Amino acid sequence: MACSERPRPEWLATADKPMAITRDNLRSFAERAGRLFRFVPFILLVVAIFILRRELAAIKWNEVLHTVSQVNASGLVCMFICAAISYSCAGASDWLGARYMGSELPVRKIVRTAVLARAFSNTIGVGMLSGGVIRFRYYTDDGVGPAIIARIIVFYSFGCAVGLLAISGLVLLLSRHQAEIPHFSSARPLAMLLLGLIAAYLVVVWRWRRPVRILDFQIPPLGLGLACKHLPFAMLDWLAAAFALYFLMPAIPGISMDAIFSAFFLAVLVGHVSGVPSGIGIFEAAVIIFLGGGAAKDAVLPWLILYRLVFCLIPFCMALLYVATTLSGGIRSLTKQKPPA
């Protein structure tokens, strides 16, 4: 008697069929990822608290208090003004990105989100991820779609990098003080390379006519006009950060304004290349090396620690408090069940 063949399980029958990757599947995946992505700020909040604890533990508060007692009041006021300009430029960049994508968000909401994202990325580093999570969280609540938010993040992050290269090239080229780069007699070849990259970028933007499509994600042409509007804001952002350090530090014999600016931008470049989040330790060590090495360490290091505390950690603590208080509403919205139809 022949045994009757058992029917194949449904899951096994469908497993033999190759999965068709269609636009509907990708769109469904993007929607599910978007819902899951709303939980990422809570994870970022925990990470931020650990990073804040680590940075505060590394600070020698006796040296900081001694340095604070030597701070010039006018210099501190100028530093806060420069910090406000820097963070405002981040808001202006996001505003340009939102208008470039056709979003009509109110300016106050754009500036709020951009400042929060900048405070997080300054301390945590990996700006496209840390600042991107903050942008996604608040722009989503403001009714902006995920595709537009992704384009704003790319617009800001890429523009920020271009602005750094441009202002670093100009400062290193025009500086009368040549920073002491190990194994190199001058920083001008590096300056020419950076400015050459900016020139190539502007040519590419000028010739860019058609949208770049990646699956369903389109990046429209930037346009030379918008690039030229964005570049000054991105450059001013970094320049204001350099001025903040300059105004905070007192006059130190043998260290000129040119030397501080050259060391600052070289150290920022080194910090980004190193891959260390926010260049913690790398930035300070690089500034000391470019200002003369061990001879400048005792005079410069306390001010660099105070600079990171005032320019990065204090805004970060304020942003962290704001995000922590506003995420409670996000928890309720995520756990709320829709009533049955």
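Here, each number is a calculation from the coordinates, and none is a lab measurement. The model shown is predicted, which means the values in this text are computed figures rather than measured ones. FYI the Cβ positions are ideal-geometry reconstructions off the backbone, even for glycines, and counts take in every protein chain you see.
Annotations
- Sorted by Cβ density within 10 Å, fewest first, the residues Thr123, Thr326, Thr113: Thr326, Thr123, Thr113
- Net length gained if the chain between Arg188 and Arg176 were fully extended (0.36 nm per residue, minus Cα distance): 3.3 nm
- When the trypsin sites (Lys or Arg not before Pro) in the range 81-171 are filtered for DSSP coil states and for at most 16 other beta-carbon atoms within 10 Å of their beta-carbon, no site remains.
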